[in-house]
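The values are calculated or read from the model by the stated rules, or taken from the named source; none is laboratory data. Because the structure is predicted, anything quoted here is derived from the model rather than measured. Note that we place each Cβ from the backbone using ideal geometry, even for glycine, and neighbour counts take in every protein chain shown. The area values use the complete protein model at the heavy-atom level, side chains included, leaving out ligands, DNA and RNA. Shrake-Rupley method; radii C 1.70, N 1.55, O 1.52, S 1.80 Å.
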Amino acid sequence: QANGEAFVRNPQASGQILPMMDVQIANDQGQPCQTGEVGEIWVKGVALMQGYYGRPEDTARSMSGEWFKTGDIGKVDEEGYIYIVDRKTDMVISGGENIYCAEVEQVLSSHPDVLQVTTFGVADDRLGERLVASVLLKDMSADLLAFARENLAAYKVPTDITVTEKPFLLNAMGKIEKQAVREAY
């Protein structure tokens, strides 16, 4: 939970780990990460479900022993604060490098002409996946690619940037319907 003094001390964190839950950050091989390393957030504890009712395949995919694999990518610091970086499904692996869509979207949205932005991966024969950005701009002449090159590591720069003239569809949570944008691409 992130409220009161815990929030004031560290507003970027999602909160601190509650005593009734165990949290582990796991790498792609399911091994625990070191403090501060980024990986998938796994949880276990008395408040956790035993599985999805009537869906043993989904349960098997989302569990590793007693650990529930949340699908969130994050890290835990030395004080037990947990940070959520992205969703595992929103991580693009390009040329062996992990690219977190949320990070790239945050950087691109800081450009003064960007009204909306979403990023996603598409299959690539050479890289495995490549990163694509789709944006709604105030000024269609904005050079977003140059901005990306100035503000992101080279492997995080989108290979394609598409520009839309209409606002993106939003889901009930107010987030861009990324799957619809990917399908349109």
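Table for the structure above
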read-out	value
Residue ID - farthest from residue 181 (Cα to Cα), chosen from residues in segment 108-162 that are crowded, with 18+ Cβ neighbours inside 10 Å and of a type in the set (Phe, Trp, Tyr)	147
When residues of segment 61-78 are limited to those that are within 27 Å of residue 8 (Cα to Cα) and among the acidic types (Asp, Glu), the one surrounded by the fewest Cβ atoms within 10 Å (Cβ to Cβ)	78
Sole residue being under 20 Å from residue 19 (Cα atoms), aliphatic (A, V, I, L, M) and out of contact with any strand residue (DSSP E or B) (no Cβ under 6 Å at 6 or more places or on another chain), chosen from 63, 49	49
Of residues in segment 79-107 being open to solvent by 50 Å² or more (accessible area, probe 1.4 Å), out of contact with any Gly (no Cβ under 8 Å at 6 or more places or on another chain) and of a type in the set (D, E, K, R), the one farthest from residue 34 (Cα to Cα)	103
Among the residues listed as 166, 138, the single one being out of contact with any Ser or Thr (no Cβ under 7 Å at 6 or more places or on another chain), within 20 Å of residue 184 (Cβ to Cβ) and of a type in the set (Lys, Arg)	166
Total residues in segment 6-28, condition over 12 Å from residue 77 (Cβ atoms), in contact with a strand residue (DSSP E or B) (Cβ under 6 Å, 6 or more places away or on another chain) and in a loop (DSSP other than H, G, I, E, B)	2
Residue check for residue 58: surrounded by fewer than 16 Cβ atoms within 10 Å (Cβ to Cβ), of a type in the set (D, E, K, R) and in contact with a Phe, Trp or Tyr (Cβ under 6 Å, 6 or more places away or on another chain)	yes
Residue selected from segment 24-55 under the condition under 18 Å from the mean Cα position of the chain (by Cα) and among the β-branched types (Val, Ile, Thr), by the criterion surrounded by the most Cβ atoms within 10 Å (Cβ to Cβ)	41
Cβ pairs under 9 Å, 6+ apart, first in segment 138-155 and in contact (Cβ under 8 Å) with a residue 40 or more places away in the chain and more than 16 Å from residue 115 (Cβ to Cβ), second open to solvent by 40 Å² or more (accessible area, probe 1.4 Å) and of a type in the set (A, V, I, L, M)	148/161
